[in-house]
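Written below as structure tokens is the structure these notes are about.
The values are calculated or read from the model by the stated rules, or taken from the named source; none is laboratory data. Just so it is clear, the model here is predicted, and its values are computed rather than measured. Note that we place each Cβ from the backbone using ideal geometry, even for glycine, and neighbour counts take in every protein chain shown.
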Amino acid sequence: MTKLSIITICFNNLDEVLDTCRSVDEQAVSPFEHLVINGSTNDAIEKYFTSTTNIPYRKILNERDKGIADAFNKGIEKSTGDIILLLNSGDLLYDKNAIKIVLEKFGADKNLMWLHGKYRYQRSGFWVTLGKPFDPKKLYRGMRSLSHQTMFVRKELYEKHGLYDNSFKIAMDFDFVARIRNEKFLFLNEILAVNIPGGISTEKYNLSLKEGSRVVKKYLGFSWKNKLWTFRLKTLKAIQNIPFLGKLLYKIKAGLGLENA
């Protein structure tokens with residue numbers, strides 16, 4: 001059987017960790033293992049799990065890390081499953097059949113290396129469904145409509161292409177996608193995850209764009225398409241931040257079914 005390892009990294013956010021754990025525990029098909037990588041500076045998460053009887057597939061690592069990429073890598077190195085999902089603390093699997101659907105796809109195609117699907121996300125105060133098929137020819141657009149919370153990846157790809165680059169604070173997932181862009185993948189026209197509002201890529205949006213451009217240059221060289229795309233995103237972000245106007249325009253956009261544009 002195909003074995004799934006779910007990795008959840010966390011930092012001083014016990015309530016969000018528990019939300020993610022409940023989401024995993026409610027699955028119709030349980031994962032092979034759920035690794036919680038706790039790099040917290042306080043002991044709330046460690047105390048909770050040491051004083052609670054854990055589900056057998058859940059393993060806790062309490063150890064400081066050097067950032068998001070390092071925490072991801074700790075989980076991957078300790079994982080023993082065939083497929084890996086990075087589900088951050090606070091993020092949720094969409095419904096109880098998410099794992100079941102994904103494992104069926106990998107079981108039906110032994111050459112399938114990774115897949116991704118749709119996700120729910122809050123933009124401008126509205127919950128929308130995002131996600132469309134990854135297109136390696138549009139790498140200059142960065143992680144647009146692609147979320148690592150819906151990416152199920154064969155572990156052998158990490159062995160072949162390497163782990164996450166610690167030099168990135170935000171775009172380490174995009175850098176990895178760029179490395180595996182020519183591997184066989186599948187887009188599932190299903191909602192697989194719910195991404196918690198906020199997050200570092202939202203809080204540090206300009207840094208996210210800067211690192212994304214660095215990834216594009218690293219793999220494609222200088223790209224005018226990326227320059228123009230980045231300008232477009234910055235402009236849309238500025239409009240979105242205008243009180244009332246930003247929310248109104250995004251509501252219209254979502255109403256027209258253009259949230260993935």
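At a glance:
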quantity	calculated
Flag if residue 97 is farther than 22 Å from residue 121 by Cα and out of contact with any Gly (no Cβ under 8 Å at 6 or more places or on another chain)	no
Flag for residue 69 being under 26 Å from residue 171 (Cα atoms), touching a Gly at 6+ places or on another chain (Cβ under 9 Å) and not β-branched (Val, Ile, Thr)	no
Failed condition for residue 57, given (1) in contact (Cβ under 8 Å) with a residue 60 or more places away in the chain; (2) touching an Asp or Glu at 6+ places or on another chain (Cβ under 7 Å)	(1)
Residues (at pLDDT 75 or above, part of a helix (DSSP H, G or I) and surrounded by fewer than 14 Cβ atoms within 10 Å (Cβ to Cβ)) located in segment 238-258	238, 239
Among residues of segment 133-160, those that are surrounded by 16 or more Cβ atoms within 10 Å (Cβ to Cβ) and not hydrophobic (A, V, I, L, M, F, W, C), counted	12
The listed residue being of a type in the set (A, V, I, L, M, F, W, C) and in contact with a Lys or Arg (Cβ under 8 Å, 6 or more places away or on another chain), out of 209, 228, 220	209
Scan of segment 1-55 for residues that are of a type in the set (Lys, Arg) and within 21 Å of residue 80 (Cβ to Cβ), ordered by number	3
Those residues of segment 161-200 which are basic (Lys, Arg) and touching a helix residue (DSSP H, G or I) at 6+ places or on another chain (Cβ under 9 Å), in sequence order	169, 179, 181
Near pairs, Cβ below 8 angstrom, 6+ apart or cross-chain, from segment 171-194 (under 16 Å from residue 220 (Cβ atoms)) to any residue that is in a strand (DSSP E or B) and not polar (S, T, N, Q)	180/114; 180/153
Residues (within 17 Å of residue 151 (Cα to Cα), more than 15 Å from the chain's Cα centre (by Cα) and not in a helix (DSSP H, G or I)) located in segment 1-26	2, 3, 4
Selection count, segment 40-69, where residues are in a loop (DSSP other than H, G, I, E, B), over 21 Å from residue 23 (Cα atoms) and out of contact with any helix residue (DSSP H, G or I) (no Cβ under 6 Å at 6 or more places or on another chain)	8
Candidates 59, 110, 96, filtered to the one that is closer than 23 Å to residue 30 by Cα, basic (Lys, Arg) and surrounded by 17 or more Cβ atoms within 10 Å (Cβ to Cβ)	59
Hits in segment 116-165 - residues which are at pLDDT 95 or above, under 11 Å from residue 193 (Cα atoms) and charged (D, E, K, R)	118
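Residue by residue, here is whether (1) without any contact (Cβ under 8 Å) to a residue 12 or more places away in the chain; (2) of a type in the set (D, E, K, R); (3) crowded, with 20+ Cβ neighbours inside 10 Å holds:
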position	(1), (2), (3)
15	yes, yes, no
20	no, no, yes
35	no, no, yes
46	no, yes, no
50	yes, no, no
